[in-house]
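See below for the structure under consideration.
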Amino acid sequence: MNDLSINTSIAYELPQPFTGRHLIDGAWVTGRETFDRVSPSHGTVVSTSSKGGPEETDAAIKAARRAFDAGIWSRISGRERAAVLLRVADLIEANVDRIALQETLESGKPISQSKGEVAGAADLWRYAAALARTSQGDSHNTLGSDMLGVVVKDPIGVVSVITPWNFPFWILSQKLPFALAAGCTVVVKPSEMTPSSTVMMGELLMQAGLPAGVCNIVLGYGDPVGSLKSTHPDVDMVTFTGSTAVGKLITKAASDTLKKVALELGGKNPQVIFPDADLENAADAVTFGVYFNVGQCCNSSSRIIVHEDIAEDFVARVVALSKKVKFGDPLDPTTQVGAIVTPEHNARIDGYVQEAVAAGARLELGGAYLDVEGLGDQFYQPTVISSVSADMAVAREEVFGPVLSVLTFRTLDDAIALTNDSEYGLSAGVWSESVHTCLEFARRAQAGTVWTNTWMDGYPELAFGGMKQSGTGREIGKYGFEEFLEVKSVVMRVGRDSRAPWVTPRAE
């Protein structure tokens, strides 16, 4: 461990714990019970939040229902909705430091990363504002001289938004502005581990002039808050980001009311490296892909598939780069990788590593807890495991930590077979100087996003979502916006006497 790059604790004074409350029908509501969040990196309480139950959840859903049915948001112009969303974007940028600090304290991610995510989220709000003004349907003027058909798009209604702990503000901004742009009303439940940045978003929404009841926030746990949001008859749609297991439970729960469900779930995302690739650039992207957000990322490239001829050299490059990545105190601006979200999850990560080694995999780097001076051991070492077979759990399941599994291939067909040999299909990457190799891989890879000679670049214009058990539906972009719209056909007859009677008069 001595040759790793570790940032020890630096001197600073932590802020007082943030107090989180529910936002229901435009009013802040303090619950009878509360729950605390202990910082994974600093071991101290950093927020105390109201704990919602059936009463608060039902009240929030009914407020959203009333607001939608009254048309105070759903029936105003796209221009008016866009104006509010643009004000929110400006307010996000004005509050980056405050929001990012709280998100780092609750999640354990580096402060520089938190600031980048919060500031970047403003662009999602601005793009959603543009969509609010440009949504359109179709017209059909070819049905005959006496008919005109129009296809319009209406907001789907009341949307339950359920967000995870690993990117609380960013993923909220992948969902909420697009739902609002469409004219929906919303009830949000953030993870109980990272609730505060969502409450701060609620403050910004009120400052921006969003009408009461359009966006409601209920803090608490999956049971009962998330469960009721998935089954309530007044909810028209659920959008959820999280584990595949929970996504399946939400789908089952929502089936009784046949509400729409959009899911962004897990991934076991490969990067495939061919011998003609820019190996220096590819090794850096692999290093970024596995350690970004401590590997606690659905898009983590937690397995790489490397051509046999270059595997030894490429693994050596990744190991060398891994030793230079700065792990440690998340409040140090130079830190790149912070803490693991809970001690239990840290133990789970280690379990995958030890199981793989016991099954014959080779530990090239790491493979143990990381003790950061002044902060404790709720960290994990950068870990690279080679000689991994495709049937090992570390190669098939979401480890959700800074652990890279290395597999090898001989031919393009081998690489594609290994890529698709997974229950997941969120993203994949390919590295080659041959455009033909990249295009064939992109066509055949079963993944919602395929990166060629890069990793995890994204833009508000491009849809995001998975295939197979990585989810259903899409987020962001035009396709993500349309998830929140219903298609309605309006058939209009032209001319007062153009319709022939069906009932013929009885002969006298």
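The values are calculated or read from the model by the stated rules, or taken from the named source; none is laboratory data. From a predicted model like this one, the values you see are computed outputs, not experimental measurements. All Cβ positions, glycine included, derive from the backbone under ideal geometry; neighbour counts span all protein chains shown. Each accessible area value is taken on the protein alone, full model and side chains, heavy atoms only, with ligands, DNA and RNA left out. Shrake-Rupley method; radii C 1.70, N 1.55, O 1.52, S 1.80 Å.
Figures for the structure shown
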{"item": "Nearest-ten-degree value, helix 54-70 long axis tilted from longest Cα axis of the chain", "result": "50 degrees"}
{"item": "Charge context of Arg32, other residues only, Cβ under 14 angstrom, K/R +1, D/E -1", "result": "-1"}
{"item": "Cα-based shape type of segment 59-132, given that a ≥ b ≥ c are square roots of the gyration tensor eigenvalues and the cut on a/c is 1.5", "result": "oblate"}
{"item": "Cα shape, segment 108-261, gyration tensor, a/c 1.5 rule", "result": "oblate"}
{"item": "Computed [θ] at 222 nm, deg cm²/dmol, the chain (DSSP H ≥ 4; -39,500 (n - 2.57); rounded to nearest 500)", "result": "-11500 deg cm²/dmol"}
{"item": "Relative contact order [Cα under 8 Å, 6+ residues apart], the chain, whole percent", "result": "19 percent"}
{"item": "Amide H within-cut-off set for Gly471, under 5 Å, with H built and near neighbours excluded", "result": "Leu265"}
{"item": "Solvent-accessible area, 1.4 Å probe, carbon plus sulfur percent, for the chain", "result": "51 percent"}
{"item": "Cα-based helix-to-principal-axis angle, 435-444 vs the chain, degrees rounded to 10", "result": "60 degrees"}
{"item": "For the chain, average projected area of the Cα convex hull in nm²", "result": "29.0 nm²"}
{"item": "Among Ala11, Gly108, Pro275 the positive-end extreme of the charge dipole of the chain (Cβ point charges)", "result": "Gly108"}
{"item": "Rounded if a/c under 1.5, otherwise prolate or oblate - segment 152-227, Cα gyration tensor axes", "result": "prolate"}
{"item": "Euclidean distance of C-alpha centroids, segment 138-162 and segment 259-278, integer Å", "result": "34 Å"}
{"item": "Surrounding net charge for Ala83, when Lys and Arg each add one and Asp and Glu each subtract one, Cβ distance under 14 Å", "result": "+3"}
{"item": "Percent breakdown of C-alpha pair distances by 5 Å bin, ordered from the shortest bin, for segment 288-376", "result": "2, 11, 18, 26, 23, 12, 5, 2, 0"}
{"item": "The chain - accessible surface per residue (Å², probe 1.4 Å)", "result": "42 Å²"}
{"item": "Cα centroid of segment 351-416 to Cα centroid of segment 195-257, whole Å", "result": "34 Å"}
